[in-house]
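**Q** My structure is below; once you've seen it, I'll send some questions.
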Amino acid sequence: MTLSASGHPSLEELVFRRALELAALGPEGENPRVGCVLLDADGSAVGEGWHRGPGTPHAEVDALAAAGGQARGGTAVVTLEPCSHTGRTGPCTKALLDAGVARVVYGCADPNPEAAGGAAVLIAAGLPASLAQNADSRTEAEELIRPWATAYRHRRPLVTWKWAATLDGRTAAADGSSRWVTGKSARRDVHRLRAAHDTVLVGTGTLLADDPALTVRDAPLAGPPPRPAVMGLRPVPPSARLLNGPVSAVHLKTRDPHRALADLWHAGARRVLLEGGAHLAGAFVREGLVDDVVAYLAPLLLGAGLPAVADLGISSLSEAVRLDLHDICVLGGDVRLTYRTRPATPPPPSPPPPPSPPSAATPPGHDGEAATDNVRPQMEQ
């Protein structure tokens with residue numbers, strides 16, 4: 001934390017924290033979440049703004065509209081480097097220059113080469129632009145756009161694998177019973193997790209076994225509800241609950257995780273929550289397509305039953321998938337552990353594969369999902 005001469009947080013840090021709060025109001029999706037605070041020449045806040053989704057004004061333009069002429073000679077504090085290109089909206093660099101802003105402070109550089117370079121454009125025009133001085137502020141800014149930035153770099157949605165299990169890693173008992181492994185607090189938290197994603201994905205095995213709705217309940221939504229998605233070749237019954245939710249469901253008629261994510265990417269998905277099915281989870285883990293792991297562990301021991309993940313083809317400890325612990329949270333008697341995988345350095349962004357062509361459904365039982373996926377792991381409906 002940067003302290004002023006009086007020992008208190010600097011004005012820049014306080015204003016930047018407010019910009020982060022504003023950015024968090026925006027929805028996850030195709031565009032990054034960005035917040036902006038405008039100060040007049042005397043250092044008083046005169047405008048605030050945030051990005052509300054594709055096609056809406058960017059945070060800087062939103063804040064400039066609120067500030068009006070008071071922005072002239074002032075400072076713009078924004079969580080992401082102002083864009084320098086024309087897309088659905090005009091470049092924020094031009095808006096800031098036209099408004100007569102005298103200085104720009106931003107939290108992190110834009111990873112999108114089409115929009116990056118805004119700071120250089122401003123500096124070349126005589127408007128000072130620099131990264132926030134406080135390291136924590138820069139880290140928080142990068143963390144805020146991480147899902148979007150990760151999706152952009154890999155040209156596929158960020159994938160979070162969520163599962164709930166006993167302390168010895170069982171998602172269901174030997175007889176298939178799984179309701180409920182975790183308590184109410186943990187199950188409520190699953191809805192918060194769903195609300196932070198734009199898509200919730202299960203396999204057809206889980207769909208046919210549990211008929212989940214995959215909706216968000218008892219959790220606030222910053223944007224549209226997440227879209228339910230089903231992966232597998234078995235047909236989706238017309239009576240399936242997820243077909244009758246607030247958002248139309250998508251059926252990914254493939255067994256290939258890469259193809260499924262490519263189809264979701266083309267449909268606009270940028271953050272996918274993977275739920276249900278040890279074999280479906282194993283397929284994504286084996287292909288290196290899981291970015292985050294959220295595990296809800298209950299203080300129970302079963303000794304036998306359905307494992308959280310199927311065989312990964314690992315025969316030695318040296319081949320284990322390594323994770324980095326990101327967060328621990330106690331939820332009633334359960335514990336939520338959040339991990340991040342250690343991906344290899346991604347290649348330069350390249351166009352994703354084209355969407356899958358329509359494919360005919362195969363007979364039940366021939367979609368490549370193992371029969372054990374029909375054993376019911378705990379599935380929050």
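The values are calculated or read from the model by the stated rules, or taken from the named source; none is laboratory data. All values reported here derive from a predicted model rather than from experimental measurement. Cβ atoms come from the backbone with ideal geometry, glycine included; neighbour counts cover every protein chain shown. Only protein heavy atoms, including side chains, enter the accessible area calculation; ligands, DNA and RNA are left aside. Shrake-Rupley method; radii C 1.70, N 1.55, O 1.52, S 1.80 Å.
**Q** By a straight-distance test (C-alpha under 19 Å), which lysines pair with Lys162 as possible cross-link partners, with residues fewer than eight away in the same chain excluded?
**A** Lys162 reaches Lys184.
**Q** Tilt of helix 184-195 relative to the longest C-alpha principal axis of the chain, in degrees (0 to 90, nearest 10)?
**A** Result, in degrees: 60.
**Q** Quantify, in whole percent, the carbon and sulfur part of the accessible surface of the chain (1.4 Å probe; protein heavy atoms only).
**A** About 55 percent, which is the carbon plus sulfur part of the accessible surface.
**Q** If I model a spin label as a point 7 Å beyond the Cα along the Cα-Cβ vector, how far apart are those points for Ala135 and Ala304 in nm?
**A** Here the modelled spin labels are 5.3 nm apart.
**Q** If you don't mind, there's one more thing I want to ask. In nm, give the distance between the simple-model label positions of Ile123 and Val247, each being 7 Å from the Cα along the Cα-to-Cβ direction.
**A** Result: 3.9 nm between the two label points.
**Q** Give the long-range amide H neighbours of Arg271: residues separated by 5 or more places, or on another chain, with amide H under 5 Å away, using H modelled in the peptide plane at 1.01 Å from N.
**A** When sequence neighbours closer than 5 places are left aside, the close amide H contacts are Leu158, Asp198, Thr199.
**Q** Mind checking the per residue accessible area of the chain for me, 1.4 Å probe, whole number of Å²?
**A** Result: 45 Å² per residue.
**Q** OK, next. On a full-extension model of 0.36 nm per residue, what is the gain between Asp168 and Asp256, subtracting their alpha-carbon distance, rounded to one decimal in nm?
**A** 28.7 nm
**Q** Still on this model: Taking springs between alpha-carbon atoms closer than 10 angstrom, which of Leu127, Leu38, Leu261 fluctuates most in the Gaussian network model of the chain?
**A** Between Leu127, Leu38, Leu261, it is Leu127 that shows the largest mean-square fluctuation.
**Q** Considering Cα pairs under 8 angstrom that are at least six residues apart, work out the relative contact order of the chain and quote it in whole percent.
**A** So the answer I get is 17 percent.
**Q** Take the chain, connect every pair of alpha-carbon atoms lying under 10 Å apart with a spring to form a Gaussian network, then pick out the residue of Leu11, Leu273, Leu158 with the largest mean-square fluctuation.
**A** Residue with maximal mean-square fluctuation among Leu11, Leu273, Leu158: Leu11.
**Q** Relative to the present Cα-Cα distance, how much length would full extension add between Ala109 and Glu30 at 0.36 nm per residue of separation?
**A** Taking 0.36 nm per residue and subtracting the Cα distance, the gain is 26.7 nm.
**Q** A follow-up question, please. Connecting C-alpha atoms closer than 10 Å in a GNM of the chain, tell me which of Leu274, Leu144, Leu337 has the biggest fluctuation.
**A** Result: Leu337 has the largest fluctuation of those listed.
**Q** Within straight cross-link reach of Lys94, meaning Cα distance under 16 Å, which aspartates and glutamates are found once same-chain residues fewer than 8 apart are removed?
**A** Answer for Lys94, where 16 Å is the Cα cut-off: Glu60, Asp62, Glu81, Glu114, listed by chain and number.
**Q** Compute the length gained on full extension between Lys184 and Glu319: take 0.36 nm times their separation in residues and subtract their Cα-Cα distance, giving the result in nm to one decimal.
**A** The span from Lys184 to Glu319 would gain 45.0 nm if fully extended.
**Q** Moving on. Compute the long axis of helix 257-266 from its Cα atoms, compare it with the longest principal axis of the Cα atoms of the chain, and write down the angle in degrees, 0 to 90, nearest 10.
**A** So the inclination is approximately 40 degrees.
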